[in-house]
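Derivation of every value follows stated rules applied to the coordinates shown; laboratory data play no part. The structure displayed is predicted, hence computed values, not measured ones. Because the Cβ atoms are built from the backbone with ideal geometry, glycine has one as well, and the counts that use them run over all protein chains shown.
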Ligand SMILES: Cc1cc2nc3c(=O)[nH]c(=O)nc-3n(C[C@H](O)[C@H](O)[C@H](O)COP(=O)(O)OP(=O)(O)OC[C@H]3O[C@@H](n4cnc5c(N)ncnc54)[C@H](O)[C@@H]3O)c2cc1C
């Protein structure tokens with residue numbers, strides 16, 4: 001993310017979207033020069049904790065320039081005392097509380113160059129997937145496989161009719177590996193080449209990267225693939241693992 005100004009914002013709304021997803025709407029005059037058309041891009045929340053200042057990445061689900069409001073959807077992870085500072089902040093915050101953020105970082109929209117679409121992610125990617133599905137050509141066809149924690153976490157969005165939405169349930173994403181790879185690999189491929197957009201937990205990301213790039217020769221122009229978090233690691237550890245993975249892939 002390029003160095004950008006820090007904005008001090010206020011929590012103006014808190015809405016429980018589904019059992020494990022909380023929407024926090026941030027507002028304030030410092031959003032006046034916030035760039036438009038960045039939905040699906042990300043911001044970094046700056047959190048002050050007893051461990052010092054921490055940064056956490058979250059997707060811009062929607063920005064409304066008329067009312068200077070920014071929606072961010074938080075997965076409420078961390079049962080049994082394992083909550084991370086960002087998830088905990090979201091669950092405890094109240095209207096009128098302040099938070100600082102930087103961004104936005106670049107939007108990673110799904111490419112529209114190929115014949116059909118393969119979209120997948122877990123709940124952390126659901127905000128970005130929603131933005132992508134809503135922005136796609138109406139005659140698009142393909143799949144969106146979305147891992148959620150429970151059935152009631154399904155969301156409705158305005159997606160093209162030809163995109164088959166498949167929800168898969170993983171009640172304990174923090175304990176088990178993502179079930180996305182197994183759910184995705186059994187799907188028959190449509191005719192032609194797919195555009196792939198995928199974001200999920202680190203180990204699932206690596207399996208799916210191999211599946212698309214090595215086993216199915218999807219070229220780098222047709223794929224966006226990213227890990228958004230890592231089982232058993234804070235975001236600081238996740239970033240180190242990502243950097244190492246990148247270095248190893250360059251050597252590969
Ligand atoms: C570009 C980008 C966009 C993102 N957008 C969103 C978004 O819109 N909404 C969203 O909820 N997340 C999003 N994430 C993921 C989010 O940044 C991470 O989940 C982050 O680790 C949460 O920080 P934390 O302080 O709650 O937990 P951390 O301190 O990072 O981790 C504490 C513990 O919680 C575990 N953990 C972290 N995240 C999860 C999870 N989702 N499920 C289960 N266990 C977890 C870790 O493995 C660790 O053991 C995004 C990440 C990226 C890179």
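Tabulated data
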read-out	value
Mean Cβ count within 10 Å, highest first, over the residues of peptides 97-108, 209-220	97-108, 209-220
Ranked 122, 115, criterion: other C-beta atoms within 10 Å, fewest first	115, 122
For q = 0.11, 0.15 Å⁻¹, Debye-computed log10 I/I(0) when each Cα of the chain counts as one equal scatterer	-0.59, -1.13
Relative frequency of Cα-Cα separations exceeding 21 Å in the range 90-185, percent	44
Top of 142, 52, 40 by mean-square fluctuation, Gaussian network on the chain, Cα under 10 Å	52
Length-normalised contact order for the range 50-94 - Cα pairs under 8 Å, 6+ apart - percent	25
Alpha-carbon centroid distance for the pair the range 1-76 / the range 95-149, whole angstrom	16
R0 of 25 Å, Cβ-Cβ distance residue 134-residue 247: FRET efficiency to nearest 0.05	0.10
Å³ per residue enclosed by the Cα convex hull of the range 116-251	110
Simple spin-label estimate for residue 97 and residue 33 in nanometres, 7 Å along Cα-Cβ	2.9
Relative contact order of the range 116-251, pairs being alpha-carbon contacts under 8 Å that are 6 or more residues apart, as %	24
When the convex hull of its Cα atoms is projected in every direction, mean area for the range 1-127 (nm²)	9.2
Relative contact order of the chain, pairs being alpha-carbon contacts under 8 Å that are 6 or more residues apart, as %	17
